[in-house]
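Only one structure is covered here, and it is reproduced in the block below.
The values are calculated or read from the model by the stated rules, or taken from the named source; none is laboratory data. The structure displayed is predicted, hence computed values, not measured ones. For neighbour counting, all protein chains shown are included, and Cβ atoms are generated from backbone atoms with ideal geometry for every residue, glycine included. Remember, those area values only see protein heavy atoms, side chains included, never the ligands or the DNA or RNA. Shrake-Rupley method; radii C 1.70, N 1.55, O 1.52, S 1.80 Å.
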Amino acid sequence: MIGISPTGILYVDNDPESCEWIKNSFRTNEKNFDVVCINGTDDALDRIRRQSFDLYILEYCLSEMTGPELCRRIRSTDRDTPIVIYSALFRDVDRKTALEAGASAFVVKSDGFSNLSATIRRLL
């Protein structure tokens, strides 16, 4: 019997603790997702060139460029893969900036993992 491969998600965040929290949350609550965490945008772009993913989750505030800037870079070569901007920011202007950059969704971190998970399931 051939098994169904897990859905590949790339999560980009500068904070290693946030990466671990996301990986553990998916491992515990959403076992059919395989999450790869990257801590820098240059590393993320390199990984994206070498490997395809089913969905991207980008922190809004990254060190080399913002999440929306990284989203624009991804969209320049990939118009279809869902991109979620995941942020502690909650202002309308931040949401608008993310969506104008090509994000499929904007999720506020304080809304909890269940909201992120539901958004991802909806997009996939």
Check on Ile57, under 26 Å from Thr77 (Cα atoms), of a type in the set (Val, Ile, Thr) and either touching a residue at least 40 places away in the same chain (Cβ under 8 Å) or touching a Gly at 6+ places or on another chain (Cβ under 8 Å) (or both)
yes
Restricting the range 1-18 to residues that are open to solvent by 50 Å² or more (accessible area, probe 1.4 Å) and modelled with pLDDT of 90 or more, the residue that is farthest from Arg49 (Cα to Cα):
Glu17
Under 9 Å between Cβ atoms, which residue pairs at least 6 apart in sequence (or on different chains) link something in the range 112-123 that is over 15 Å from Asn32 (Cα atoms) with a partner that is aromatic (Phe, Trp, Tyr) and open to solvent by 50 Å² or more (accessible area, probe 1.4 Å)?
Phe113/Trp21
Some residue of the range 86-100 being buried (at least 21 other Cβ atoms within 10 Å of the Cβ) and touching a Pro at 6+ places or on another chain (Cβ under 6 Å):
yes
Considering only residues that are of a type in the set (S, T, N, Q), over 18 Å from Asn29 (Cβ atoms) and more than 15 Å from the chain's Cα centre (by Cα), which ones fall in the range 89-116?
Thr97
Is it the case that some residue within the range 12-28 is part of a strand (DSSP E or B) and either small (Gly, Ala, Ser) or farther than 19 Å from Gly112 by Cα (or both)?
no
The range 29-49, residues that are open to solvent by 30 Å² or more (accessible area, probe 1.4 Å) and either free of Cβ contacts under 8 Å to residues at least 24 places away in the same chain or in a loop (DSSP other than H, G, I, E, B) (or both):
Lys31, Asn32, Asn39, Asp42, Asp43, Asp46, Arg49
Taking Ser52 as the residue in question, decide whether it is assigned to a loop (DSSP other than H, G, I, E, B) and closer than 21 Å to Thr97 by Cα.
no
Looking at the structure I just gave you, is Thr97 of a type in the set (S, T, N, Q) and in contact (Cβ under 8 Å) with a residue 24 or more places away in the chain?
yes
